[in-house]
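The values are calculated or read from the model by the stated rules, or taken from the named source; none is laboratory data. Only a predicted model underlies this, so the values are computations on that prediction, with no experimental measurement involved. Positions of Cβ are generated from backbone atoms using ideal geometry, with glycine treated the same way; all protein chains shown enter the neighbour counts. Each accessible area value is taken on the protein alone, full model and side chains, heavy atoms only, with ligands, DNA and RNA left out. Shrake-Rupley method; radii C 1.70, N 1.55, O 1.52, S 1.80 Å.
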Amino acid sequence: MSDPSAPRTLRRSRDDRVLAGVCAGVARYVGIDVTVVRILAVVAVVLGGPGLLLYAAGWLLMPKEDGPSVVADWQHNRAA
């Protein structure tokens, strides 16, 4: 069980993911069921909203539970 006084962090889920874990990470951060977030994401994509763009941004910018974000990892590998 997590410490309720600890600050919440927005991270992509490693365990409960379908594509990149963005929806599961958002659901954990907000404290709602992941199915609700996934349905909202699909509706946003289908209705021509910013769903795909927001998902891609989350995938690129949100760090993984156990590591850096895709962009940070790419920059680290490029500098090495």
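In the range 64-80, of all residues being surrounded by fewer than 13 Cβ atoms within 10 Å (Cβ to Cβ) and within 15 Å of Asp15 (Cα to Cα), the one that is modelled with the lowest pLDDT corresponds to Gly67. Just one of the numbered conditions (1) at pLDDT 90 or above; (2) open to solvent by 100 Å² or more (accessible area, probe 1.4 Å) is not true of Leu61: (1).
Cβ separations smaller than 6 Å between residues 6+ apart or across chains give the following pairs from the range 12-29 residues that are closer than 16 Å to Leu61 by Cα and among the hydrophobic types (A, V, I, L, M, F, W, C) to residues that are open to solvent by 10 Å² or more (accessible area, probe 1.4 Å) and assigned to a loop (DSSP other than H, G, I, E, B): Ala24/Asp16; Ala24/Arg17.
Matching residues to (1) surrounded by fewer than 17 Cβ atoms within 10 Å (Cβ to Cβ); (2) in a loop (DSSP other than H, G, I, E, B); (3) of a type in the set (Asp, Glu); (4) over 13 Å from the mean Cα position of the chain (by Cα):
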{"residue": "Pro7", "(1), (2), (3), (4)": "yes, yes, no, yes"}
{"residue": "Arg17", "(1), (2), (3), (4)": "yes, yes, no, no"}
{"residue": "Ala20", "(1), (2), (3), (4)": "no, yes, no, no"}
{"residue": "Val36", "(1), (2), (3), (4)": "yes, no, no, yes"}
{"residue": "Val42", "(1), (2), (3), (4)": "yes, no, no, yes"}
{"residue": "Val45", "(1), (2), (3), (4)": "yes, no, no, yes"}
